[in-house]
Amino acid sequence: MFKQIPCKKLKFSSYYRIFVKIRKVTKDPTYNEFILDAIYFKLIDNLQNMEKRIFEISKKVNFQAYMEGFTFYTGYSYRAIPIDIVPRLVSKDFFNKVSRYLIARSYVLNRLIKEVYEEKSSPIPDWIIKTAPYFRPEMIGFTPPKGIYIHVYGADIVRVNSKPYILEDNLRIPSGIAYAYKSFEYVSRFIPELMEGYNVSPIQGLEYLHDILRYVSGTKDPVIVLLTDGVYNSAYFEHKFISDKLGFILVEPSDLKIKDGEVVVDTVDEGEIHVDVIYRRIEDLDYLTPSLMKAYLRGWVTIANAPGTGIADDKASFIWIPYLAERYGVKMDFVIQPITLCLYEKDNLEKVLNYPTKYVIKKREGYGGIGLTIVKDDNINIIKEILKEYENFIAQEVLDFDTVVSLLGDSFYETYADLRFFTYYDKVATAILSRVGVLGSRITNNSSGGMVKPVWIIE
């Protein structure tokens, strides 16, 4: 069983102790347990100097964020996303090492997709590809512009005893960078004194998105549109933020037309104009915009991420990434991949059924917390579901990952938090999203009701 974080307030006197808590002793003589903890010392001093003012400032930050539309649509209403104003700090060295790993992993993922669609072979068990919900057989034999399938890659990472573990890959329509930008901006704007004594890396990332989309367009000044399904998309705030920031035309499916060998969009000022690149933030392309897939396969427009990338972020494919790295001769070190079991295999299924509380259960096509269960007290419902369709689930070891200190209301709490990194083909954004789980929970997805906190990379 994993430990539960008690949902109780932390005394301010214990604040320092929690940040620099003694971790488990490592047997690796090259690993210094306290390097990363030490970068918090000055932040603690800055927070203590503010005393109780910090709680009032937190309320102002969150009110301002809500008024500016910093929200997440739940399917019923727009929920304010609370901002935890206590920054999470990572060293520049840590960021650089994770970046090298993610760029290498992105290459492996792209290579897997290429082998399936272009080379018409399956380097992993064929049943995984054929049963993947986002497999697009019409992509077989097609080569996307510049051979790039994955333009935007979101990786979810947690730290266990300060060491990074990757939990999953997000390749179809990864989201969250706008929340990283805005949480960083709000804290910098309202509480600049927290940065005193630090040299914090400037936040970057969206320019990398622009660069890779311009590169695959094949033109110097392409027309790029961001395709959304509208204000009721859970991440619409981000769609608007990116389009405003980068000058992309924000369009809904009905705005696009396929005619005379090109894709065009209706605009207010210029009427119909040619579209070079569609940065898609929706899945059902053909249903919402008939013939768009056909136009893409004929080379009339570029779509990012490419249709069919879902075969590589299928949870069953995740298991095979270390093997594929070795197959392709790619070195991936520093970040650890946790034990992950495919329940299609009888031995693995028995392990999970016999000891369910040792695992996080995930549906293969799940995302954003959907289809994820941390089994507690032998949850009968999920066990029944596994028995019914075991081939659609994987199980991942429960990680006792590091906690952080969060400010909520008028108190500090110990919480679980992850790190989502964004890779734009061969560049990793310094805009990192840290999602904070609700009190006592390890599930950190925005859809699960948690907070976000800014991440500072310390030079």
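Every read-out reported here was derived from the displayed coordinates using simple, explicitly stated rules and does not represent laboratory data. In this text the structure is predicted, and so the values were computed from the model without any measurement. Please note: Cβ atoms are built from the backbone with ideal geometry, for glycine as well, and neighbour counts cover all protein chains shown.
Calculated FRET efficiency, E56 and F142, Cβ-Cβ r, R0 56 Å, to nearest 0.05?
Calculated transfer efficiency: 0.50.
Could you work out how far apart the two model spin labels at K294 and T131 are, taking each label as a point 7 Å from the Cα in the direction of the beta carbon, and quote it in nm?
3.3
Quote the charge dipole size of the chain about the Cα centre in Debye, to the nearest 20; the model charges only the Cβ of Lys and Arg (+1) and of Asp and Glu (-1).
My answer is approximately 1360 debye.
If amide H atoms are built 1.01 Å from N in the plane of the peptide, which residues on other chains or at least 5 residues away come under 5 Å of the amide H of F412?
L10
With respect to the cross-link table entries K315/K346; K245/K427; K331/K363; K146/K427; K315/K384, which display a Cα-Cα separation exceeding 24 Å?
Pairs exceeding the cut-off: K331/K363.
Could you tell me the center-to-center distance, by alpha carbons, between segment 203-279 and segment 91-142 in angstrom?
25
Counting only Cα atoms, I'd like the Rg/Rh figure for segment 163-316, Kirkwood definition for Rh.
Taking Rg over the Kirkwood Rh, I get 1.02.
Using +1 at the C-beta of Lys and Arg and -1 at the C-beta of Asp and Glu, which of L297, L343, S254 has the Cα lying farthest in the positive direction of the dipole of the chain?
Towards the positive end, the residue furthest out is L343.
Determine the sum of side-chain charges near E262: Lys and Arg each +1, Asp and Glu each -1, restricted to other residues whose C-beta is under 13 angstrom from that of E262.
Around E262, the surrounding residues sum to +1.
For K358, give me every one of the aspartates and glutamates with a C-alpha distance below 16 angstrom, ignoring sequence neighbours fewer than eight places off in its own chain.
Filter leaves D347, E350, D377, D378, E397, D400.
Nothing charged except the Cβ atoms of Lys and Arg (+1) and of Asp and Glu (-1): what's the magnitude of the dipole of segment 217-357 about its Cα centre? Round to the nearest 20 debye.
480
For S91, which sequence-distant residues (separation of 5 or more, or a different chain) have an amide H within less than 5 Å of its own amide H, given hydrogens modelled in the peptide plane?
Here the answer is I458, since their amide H atoms fall under 5 Å of that of S91.
What share of all Cα pairs of segment 250-373, in percent, falls into each consecutive 5 Å distance bin?
2, 8, 14, 15, 11, 11, 10, 10, 8, 5, 3, 1, 0
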